1. Step by step: first the residues of the stretch A:71-86, then only those that are among the polar types (S, T, N, Q) and more than 12 Å from the chain's Cα centre (by Cα), then the one that is farthest from the other protein chains (Cβ to nearest Cβ). Which residue is that?
2. For the stretch B:47-65, what are the residues that are within 8 Å of DNA strand C (Cβ to nearest atom) and either within 9 Å of another protein chain (Cβ to nearest Cβ) or open to solvent by less than 80 Å² (accessible area, probe 1.4 Å) (or both)?
3. Which of the numbered conditions does A:Arg37 fail, given that it passes all the others? Conditions: (1) closer than 29 Å to B:Val20 by Cα; (2) touching a Ser or Thr at 6+ places or on another chain (Cβ under 9 Å).
4. Looking at the stretch A:37-84 only, could you name the residues that are out of contact with any strand residue (DSSP E or B) (no Cβ under 7 Å at 6 or more places or on another chain) and polar (S, T, N, Q)?
5. Mind checking which residues of the stretch A:42-70 are of a type in the set (Lys, Arg) and either part of a strand (DSSP E or B) or in contact with a Pro (Cβ under 6 Å, 6 or more places away or on another chain) (or both)?
6. Out of all the residues in the stretch B:11-38, which are within 13 Å of DNA strand D (Cβ to nearest atom), in a loop (DSSP other than H, G, I, E, B) and not hydrophobic (A, V, I, L, M, F, W, C)?
7. Inspect the stretch B:63-77 for any residue being in contact with a helix residue (DSSP H, G or I) (Cβ under 6 Å, 6 or more places away or on another chain), more than 30 Å from A:Pro49 (Cα to Cα) and of a type in the set (D, E, K, R) and give the result as yes or no.
8. Quick one: in the stretch B:66-85, of everything that is more than 12 Å from B:Phe14 (Cα to Cα) and open to solvent by 90 Å² or more (accessible area, probe 1.4 Å), which residue is farthest from DNA strand C (Cβ to nearest atom)?
2 protein chains.
Amino acid sequence: MDEECCDMRGMLGFLILFLVSKKPMHGKEIADEIIKRKGEKPSPGTLYPAIKNLREAGFLDEVKEGKTITYTLTPSGKKALTVAKRKFCKIFLGVFP
Amino acid sequence: MDEECCDMRGMLGFLILFLVSKKPMHGKEIADEIIKRKGEKPSPGTLYPAIKNLREAGFLDEVKEGKTITYTLTPSGKKALTVAKRKFCKIFLGVFP
DNA sequence: GTAATTATATCGGATGACCGATATATATAA
DNA sequence: TTATATATATCGGTCATCCGATATAATTAC
């Protein structure tokens, strides 16, 4: 419990999946987008394992070009995101203005 | 990482604060509302410590009537919720349809 | 008055999200 | 070619969330 009453821990995988669904990205782009939204940079030790989990769950495909790896959603990832979004919206109904 | 790609761990305090902001409630009512939203019941060992944290942070006032305790937001709790909601909306911008 | 039910509370332990430091590999600069 | 910067990845450890079991206290049922 931080001073802002919640740390929103446990939402990183969901957020990554959502971000990649809007546009295929590589890790650095995902990190930058999270900085814009959360105001703080996720540690590489946080971000890349989270990406790896999504990949191992079959939710992300990767295309390696040189040193960058671009991630896209698999069909299974799209489905998982749909389910998670529906759940998310139901839980937090009314929070958004 | 569960099969739905996120467990939304770390959001319970925020959710409780939001629910109580809409209507003063006691613990059982909060639990029932969470069941409706998440589809599963929070363990008492989860719910009551979370409430206690919010109370000790100065975000909740309590009025005891018999065996039930009704919680309301303190001014500080209202302010914390406002800050947390703004943060939440910024992070998850675009997730809601 | 005793038993059963309900609401609140605590405890120990497990899980896993997260961070900082560090490692590797590719690309760029000098 | 050597040095630097960038992108990705891993490891060890910490901390908070969460659960199941259990406890307390008040209410209701009998």
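1. A:Thr74
2. Scanning the stretch B:47-65 gives B:Leu47, B:Pro49, B:Ile51.
3. All conditions are met except number (2).
4. A:Ser43, A:Thr46, A:Asn53, A:Ser76, A:Thr82
5. The initial filter retains those residues of the stretch A:42-70 that are of a type in the set (Lys, Arg), namely A:52, A:55, A:64, A:67.
A:Lys64, the sole residue that qualifies.
6. First, pick out the residues of the stretch B:11-38 that are within 13 Å of DNA strand D (Cβ to nearest atom): B:11-17, B:26-28, B:30-31, B:34-35, B:37-38.
If we keep only those that are in a loop (DSSP other than H, G, I, E, B) as well, we get B:11.
Once the filter is applied, which keeps residues that are within 13 Å of DNA strand D (Cβ to nearest atom), in a loop (DSSP other than H, G, I, E, B) and not hydrophobic (A, V, I, L, M, F, W, C), the stretch B:11-38 yields nothing.
7. Looking through the stretch B:63-77, none of the residues is in contact with a helix residue (DSSP H, G or I) (Cβ under 6 Å, 6 or more places away or on another chain), more than 30 Å from A:Pro49 (Cα to Cα) and of a type in the set (D, E, K, R).
8. B:Lys79
The values are calculated or read from the model by the stated rules, or taken from the named source; none is laboratory data. The structure presented is a predicted model; accordingly, all values stated were derived computationally and were not measured. Glycine gets a Cβ as well: all are built from the backbone with ideal geometry, and neighbour counts include every protein chain shown. Keep in mind that these areas ignore ligands, DNA and RNA; they rest on the heavy atoms of the full protein, side chains included. Shrake-Rupley method; radii C 1.70, N 1.55, O 1.52, S 1.80 Å.
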